[in-house]
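Structure record follows, encoded as structure tokens.
The values are calculated or read from the model by the stated rules, or taken from the named source; none is laboratory data. No experiment lies behind these values; they were computed from the predicted model shown. Cβ coordinates were reconstructed from backbone atoms using ideal geometry, including for glycine residues, and neighbour counts include every protein chain displayed. Calculation scope for accessible area: heavy atoms of the full protein, side chains included, ligands and nucleic acids excluded. Shrake-Rupley method; radii C 1.70, N 1.55, O 1.52, S 1.80 Å.
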Amino acid sequence: MSKHLFITLFAIFGISTAAISQSNLAQEIGIYAGPVTLQSDFGQRNNFDTNAGNTGFGIGVMHFINFSSASNRETFFSEHFKVRSDLTFSRTTLKHFGEWVERKPDGVFAQQLRNMHGSSTLVGIGSQLLFHPIKIHDFENTIGSFSPYGSVGFQVSYYSAKVGSHLGDITLPNVTPGKYLTPSDGRAHGFSTETGVVLSATAAIGVQYKLTKMSDLMFETRFQMYNSDWIDGLNPNKNLYTENKYNDWQVWFNFGYIYYLEF
């Protein structure tokens, strides 16, 4: 990620934090971690082995703007919405799974697929708008209670994709299937070891548990759709290989801890 992007993001965060500190808004901080699965061009779509095998690990830190805790005024917005910012890291190792890898007899195509491997590393920063159907004040004042929520948002991510083969030079036709050697989307092949910056839309559902007066536990499932099909390093030419329909996307399963800051 470029130096200018980092400077811009941290400047925005600094200005936002300064503005909050001068208002009656409350803040919360937290951390979460859990498995992530990357839905990509590695493996067969809608296949259990693919979903289970191409699973990595993610971790994140979060910051909430709480419009309710530090205010005695109750409005629908302040009692049901929060703004959350996230800084995340995830890494997934990737292989081909499914029908084409397991086909019998064991031909050259299956062997080539089975020996391909890759990895995807992502560092992201973004924001979400959370909606709590239960009033936030009621949840905060009741230890042992639960508060479900849903959220939508966006994220800017830096990705690093690596692709290779245990058979040798991945650019050779006796090593890699032809669909991945065909030029695609401005690259020399349908694969690319590269880094870049992408945007993504996020949507999540989750639940918070009131552990103490000043802390919560959290479980969340988050979906993240990227505006690129190169996150995993594979993107066969969509004009020739029409089964390659979708950009890469990711699912997070997060367990977290949230702490309420006092002013």
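A few remarks follow.
- Heavy-atom surface analysis with a 1.4 Å probe gives the chain a carbon and sulfur content of 64 percent of its accessible area.
- Residues of segment 240-263 falling in the label zone of K213, defined by backbone nitrogen less than 12 Å from a point 7 Å along Cα to beta-carbon, are absent.
- Karplus 3J(HN,Hα) series, Hz, for segment 73-87 with 6.51 cos²θ - 1.76 cosθ + 1.60 (x for Gly, Pro): 8, 10, 10, 4, 5, 5, 8, 10, 10, 9, 10, 10, 10, 10, 10
- Charged-residue dipole, Cβ positions (Lys, Arg, Asp, Glu), the chain about Cα centre, Debye nearest 20: 200
- Against the main long axis of the alpha-carbon atoms of the chain, helix 3-21 sits at an angle near 20°.
- Those lysines that a straight Cα-Cα span of less than 23 Å connects to K210, excepting residues fewer than 8 apart in one chain: K82, K135
- Positive-pole candidate from T121, V156, H63, dipole of segment 30-178, charges at beta carbon: T121
- Magnitude of the charge dipole, segment 38-124, Cβ model with Lys/Arg +1 and Asp/Glu -1, debye to 20: 120
- Residues of the chain: accessible area per residue with a 1.4 Å probe, Å²: 50
- A dipole drawn for segment 95-151 from +1 and -1 charges on Cβ atoms has a positive end, and of I136, W100, S147 the residue lying farthest that way is W100.
- At most 12 other Cβ within 10 Å, DSSP loop - GluC sites (Glu not before Pro), segment 187-263: E243, E262
- Evaluated with a Cβ-only charge set (Lys, Arg +1; Asp, Glu -1), segment 129-222 carries a dipole of roughly 60 debye about its Cα centre, given to the nearest 20.
- The trypsin sites (Lys or Arg not before Pro) of segment 172-263 that meet both conditions, a loop assignment by DSSP and at most 14 other Cβ atoms within 10 Å of the site Cβ, are K213, K245.
- Segment 157-213 versus segment 86-129: alpha-carbon centroid distance in Å: 8
- Distant-in-sequence amide H partners of G196 (H built 1.01 Å from N, under 5 Å): Y159
- Positive-end residue, segment 177-263 charge dipole about Cα centroid, Cβ charges, pick of Y259, T221, P177: T221
- Spatially proximal lysines relative to K238 (Cα-Cα < 21 Å; intrachain offsets below 8 disregarded): K95, K162, K179
- On the basis of the beta-carbon distance and an R0 of 30 Å, Y246 and T182 show a calculated FRET efficiency of 0.95.
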